[in-house]
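One structure is given below, encoded as structure tokens.
Where a number appears in this text, it was derived from the coordinates with a stated rule and is not lab data. The structure presented is a predicted model; accordingly, all values stated were derived computationally and were not measured. All Cβ positions, glycine included, derive from the backbone under ideal geometry; neighbour counts span all protein chains shown.
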Amino acid sequence: MEIMSLSCPKCGADLPDQVTRGRVFKCCHCGGTLVWPDRRSTLALSFGVKLCPVCGADNEQIREFCKDCGSVLIKICPRCDSRFYVGDRFCPKGHDYDSDEIQAELKVKQEHEKQTRKDTILQQVNSLAMSGNYEQATNILEESLKLYPNFASIIAGYPKQTYMYQERPVSGYALLVHLSGKADRKDLAVKYFERMLELIPQNPGHARQAAREAGISKEAKMICKQNGIPWNSWDY
């Protein structure tokens, strides 16, 4: 949301330029650092410290997160890895953070970092499962799915075809059904099976396979019957 005009709370002058909510800017008359916070309806004035673009609170220079709302106060230049104030456009080495070129580099870097984190967690889950620590592997994967719903399974032999980087929301839950069964937690396996049915009602073949692997076919058949889903007519 943008507005065409505001009054500076420091000098009282009109600000004719567009002001975007949540962005730090300078008063064109007195040079005061201002922001129209996401969580307030009036302009906030900075007194030479890190002004939070979300709540407008002043923060000490050493802080990386706002003392009042916890919002991030620093950003990292994808070209030189310099850390600088979120309200600044140029990093300490002069790179224009808002340029299309830098933003494209940032997107590539973020995707790479995200994939690296996912790979690390999945390798940990795989290692735990292979050593028989199914319950611990299940707990780690369940927490990870809250951040990355599209986790693919990497347990050898399950699914029958390994989908290393397949972006399917069902695949992580299929692995949870499998691991819960191995950990003798049929209650959890049933819960994740029901979640799979919610995610892929049009083609729930993987849910049936997961139920069989987890040893909950009887419970799964009953759930399918209650939902009017034929157990033997699914496609893989």
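What the table below lists for this structure:
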quantity	calculated
Segment 51-94, relative contact order [Cα under 8 Å, separation at least 6], %	25 percent
Listed residue pairs exceeding 18 Å between alpha carbons, taken from Lys146/Lys225; Lys114/Lys191; Lys26/Lys93; Lys75/Lys109; Lys50/Lys107	Lys146/Lys225; Lys114/Lys191; Lys26/Lys93; Lys50/Lys107
Karplus 3J(HN,Hα) series, Hz, for segment 91-105 with 6.51 cos²θ - 1.76 cosθ + 1.60 (x for Gly, Pro)	6, x, 9, x, 7, 7, 4, 8, 5, 4, 5, 5, 5, 5, 5
Interchain or long-range residues, amide H under 5 Å from Leu15's placed H	Leu6, Ser7, Cys8
Cβ-based exposure ranking for Ser99, Ser41, in which fewest neighbours within 10 Å come first	Ser41, Ser99
Segment 1-98 - percent relative contact order, Cα under 8 Å, separation 6 or more	15 percent
Cα gyration tensor shape for segment 1-98, rounded if a/c is under 1.5, else prolate or oblate	prolate
Total formal charge among the other residues, if their Cβ is under 11 angstrom from that of Asn59, Lys/Arg +1 and Asp/Glu -1	-1
Likely footprinting exposure, Ser217, Ser131, fewest C-beta neighbours within 10 Å first	Ser131, Ser217
Using θ = phi - 60° and Karplus 6.51 cos²θ - 1.76 cosθ + 1.60, couplings along segment 208-221 (whole Hz; Gly, Pro as x)	5, 4, 4, 4, 5, 4, 8, x, 10, 4, 4, 5, 5, 4
Modelled FRET efficiency - R0 30 Å, Thr20 with Ile102, Cβ distances, 0.05 increments	0.95
